[in-house]
Amino acid sequence: MPNTEFKRRMNDRLERWYKGASPHDDPKKQKRRQYIAGLVNKTAMFNYARRMELPLPERFAEVEQLEEMDFTSLPERVVIKPNNAANNDGVLLFDGPREVFTGDKVALEERAAYTRRRYAEGAFIKGNSKIIAEEFIQDFDPVYTVPRDFKVYVVGGRPWVIQVVNRMGPKKDWSHRYYSQDWVPYDHFQRENALAPVIEAPRHFDELMALATRIAKDINCFMRLDFYITAQRVVFGEFTSYPNAGLQFTQVGNNVLCDLMDRYPDPF
């Protein structure tokens, strides 16, 4: 698919936010840009979320090296992930004696060796990666053994677009659907995954919008905020400043997101 204007803007953001191109003339605004850009790191995000009193998955451990992780102290249901990877790279979902994404059988006493092997085989661990063990969230609909992502695009201090991602089964079978802030579905917004059927607004939808609004007003820029929804509450997951690297957005998605960015440009 040809590049879109949104892809160009995401590439420009990558250069300015992460590669130091075109620093802001105002040092305070440049510092703010760097701070907001750094929130994609899950350690920085965790500290931000605690300051903002956001609901988070319970964190069991964060270690500098995988070898430091005490797997014997972790619950049977747990997520292991790097603090600075993307696209689910390095995310392992252990539910008892099974890794959910792959379906691999992994006895509890074999988790450490299994995780070391998977991480050695992957290319997602950077030299400064920390490893996190946290709560394996249960979706409010128990049919979903992998909790759905509710990804909220915010700009101008408010939420505008919600992407619901279903990661059940092999990656080729993952699906998603985009909705407006009023829960009106889009047909073709982005082609990364198959188009999922339309669903009703999720449980705790008002809470989802309220949390997204609170964060949006604080950061005051274009960002994607990723959440989960359990039977009891909405849980904040992470910041995404470079959604899907700008790839696979249709003209509808491109037009909606670029229009929002034009109407509410980043202040830094």
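The values are calculated or read from the model by the stated rules, or taken from the named source; none is laboratory data. What you are looking at is a predicted structure, and each value in this text was computed from that prediction instead of being measured. Here the Cβ is made from the backbone with ideal geometry for all residues, glycine too, and neighbour counts use every protein chain on show.
Data overview
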item	result
Qualifying position, being in contact (Cβ under 8 Å) with a residue 12 or more places away in the chain, touching a strand residue (DSSP E or B) at 6+ places or on another chain (Cβ under 8 Å) and buried (at least 21 other Cβ atoms within 10 Å of the Cβ), among P197, P147, P202	P147
Residue match in region 189-199 (condition: in contact with a Leu (Cβ under 8 Å, 6 or more places away or on another chain), closer than 23 Å to D141 by Cα and not assigned by TED's automatic domain parsing to the domain that holds V100)	no
Enumeration of residues in region 219-261 that are assigned to a helix (DSSP H, G or I) and more than 18 Å from the chain's Cα centre (by Cα)	Q251, V252, G253, N254, N255, V256, C258, D259, L260, M261
Subset of region 193-218 (residues that are in a helix (DSSP H, G or I) and small (G, A, S))	A210, A212, A216
Conditions (1) surrounded by fewer than 17 Cβ atoms within 10 Å (Cβ to Cβ); (2) touching a helix residue (DSSP H, G or I) at 6+ places or on another chain (Cβ under 8 Å); number of the one not met by I132	(1)
Qualifying residue in region 207-225 (condition: more than 30 Å from D25 (Cβ to Cβ), out of contact with any strand residue (DSSP E or B) (no Cβ under 7 Å at 6 or more places or on another chain), among the small types (G, A, S) and at pLDDT 95 or above)	yes
Filtered residue count, region 217-253, keeping only those that are hydrophobic (A, V, I, L, M, F, W, C), surrounded by fewer than 19 Cβ atoms within 10 Å (Cβ to Cβ) and either out of contact with any His (no Cβ under 7 Å at 6 or more places or on another chain) or on the phi > 0 side of the Ramachandran plot (or both)	3
Test: residue in region 71-88 that is at pLDDT below 95, over 15 Å from the mean Cα position of the chain (by Cα) and not assigned by TED's automatic domain parsing to the domain that holds A216	no
Of all residues making up region 152-163, the number that are out of contact with any Cys (no Cβ under 9 Å at 6 or more places or on another chain) and buried (at least 19 other Cβ atoms within 10 Å of the Cβ)	7
Qualifying residue in region 121-135 (condition: assigned to a helix (DSSP H, G or I), modelled with pLDDT under 95, under 24 Å from L74 (Cβ atoms) and in the same structural domain as D70 (by TED's automatic domain parsing))	yes
Qualifying residue in region 59-77 (condition: farther than 23 Å from R167 by Cβ and among the small types (G, A, S))	yes
G103 outside the structural domain of F227 (by TED's automatic domain parsing), in contact with a Pro (Cβ under 8 Å, 6 or more places away or on another chain) and farther than 25 Å from L211 by Cα	no
Test: V63 is aliphatic (A, V, I, L, M) and either at positive phi or over 18 Å from the mean Cα position of the chain (by Cα) (or both)	yes
Residues (within 18 Å of M209 (Cβ to Cβ), part of a loop (DSSP other than H, G, I, E, B) and without any contact (Cβ under 8 Å) to a residue 24 or more places away in the chain) located in region 164-192	D182, W183, V184
